[in-house]
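To start, the structure itself, in structure tokens.
Bear in mind that the values in this text are calculations on the coordinates, not laboratory data. All figures in this text were calculated on a predicted structure; none of them were measured in a lab. A quick note on method: Cβ atoms are made from the backbone with ideal geometry, for glycine too, and the neighbour counts reach across all protein chains shown.
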Amino acid sequence: MDDGSTDGCPKICDEYAKKDNRVRVIHQKNSGQADARNAALNIAKGEYFAFVDSDDFVSEDFIEYLFQLLYKSKSLIAICGTRHVTEGEMEIGEKEKDEPERLLTAEQAMEIILYQREFDASVCDKLFHRSLFEKIRFPSGEIYEDFSVIFRLIQESGKVVYGPGEKYCYRIHAESTMTGGFSKRKLVLLTASQQMVHFVTGCYPSLKKAAVRRDVYSHFHILHQMIFSSPRDRAKEKEIVRHIKQYAGVVLANPKALKKDKIHIRCLSLGLPVYRLAWIVFDRFFKDRAMRKGNP
């Protein structure tokens, strides 16, 4: 997919297409990741779909590994392990994991995502059978598009298979959707998160606490970016804080909630200025520790 690229990538893609007739290239004006993926889905002829973001990279056996998982389990979705790397890193450098491959029900897979354990909501560390996309597309023009579809895909599949092999490397940098600075476009995550709660609890009422935990996390994710942006939207910040406090008790009482979730809530209960200051201190502490490790 050439989504209006301004570097040399379109030419490289066209050269691959000349060498291998299995390669199909789409050139279009920049319209965002969701529309680019949908355009590819609309013409794809393969039986299986995989997604790799333009700034990430995968192991040489990424597809083979996932396909073998699907073949053995007769599932429609396979998931592999991932690594988060910084800019400049290009080696997969897989870590040996003493974990078995696991066949999971849709409910079990959703719970893992909601608590952000072995894998998360991204479609990029997964292989999908094409039948799952017969009626599902990414929300046009939106970011966080993975979050809007992954639970529907898992429910449609009925079961998924997970292998711990770290075959996908997600590159972290300042412009990443998940870690970059705040923009109003990112507020769509809050809507998507609340829609997720409705969908997941409608399918599996037993996952309500897990869904609420993930919704609160999403609100903290946006709040964190907003309080360090300029100019600040104080009214929206207050709205997000009210939402978090409304469901804070559910998260605090949930023994499966992560420790960091509860720390966030406790800090916020002291007031937004204290919460912001706590993050400044936290950030400086870990930067100083990283510098000490690099310069003994």
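Before moving on, here are some points about what is shown:
- Each of the peptides 44-51, 137-144 was scored by the mean count of other Cβ atoms within 10 Å over its residues; in descending order, highest first, they stand as 137-144, 44-51.
- For Leu76, the residues whose amide H sits under 5 Å from its own are Lys159, ignoring neighbours fewer than 5 places away on the same chain, with H placed 1.01 Å from N.
- Close amide H contacts of Glu166 (hydrogens built in the peptide plane, cut-off under 5 Å, sequence separation of 5 or more or a different chain): Gly81, Lys95.
- Among the listed values (i) 167; (ii) 119; (iii) 138, the one matching volume of the Cα convex hull per residue in Å³ as calculated from this structure is (i).
- For the chain, hydrophobic long helices are taken as DSSP H runs at least 24 Å long by C-alpha position along their axis with mean Kyte-Doolittle hydropathy of 0.5 or more; none is present.
- Sparse packing (at most 16 other Cβ atoms within 10 Å of the Cβ) combined with a DSSP loop state is found for the following chymotrypsin sites (Phe, Trp or Tyr not before Pro) in region 216-248: Phe228.
- 5 angstrom amide H check on Ile172, placed H, neighbours 5+ away: Val85, Thr86, Glu87
- Theoretical gain in end-to-end length, Lys245 to Thr105 [0.36 nm per residue, Cα-Cα removed]: 47.2 nm
- Beta bridge orientation in the chain: antiparallel %, DSSP, nearest 5: 55 percent
- Charged neighbours of Asp233, selected by a Cβ distance under 11 Å, balance to +3 (K, R count +1; D, E count -1).
- Summing Cβ point charges (Lys, Arg +1; Asp, Glu -1) relative to the Cα centre of the chain gives a dipole of roughly 1420 debye.
- Residues of region 201-243 with amide N under 12 Å of a point placed 7 Å along Cα→Cβ from Ala278: none
- Restricting attention to region 31-172, the count of lysine pairs at 8 or more positions apart or across chains with alpha carbons under 22 Å apart stands at 20.
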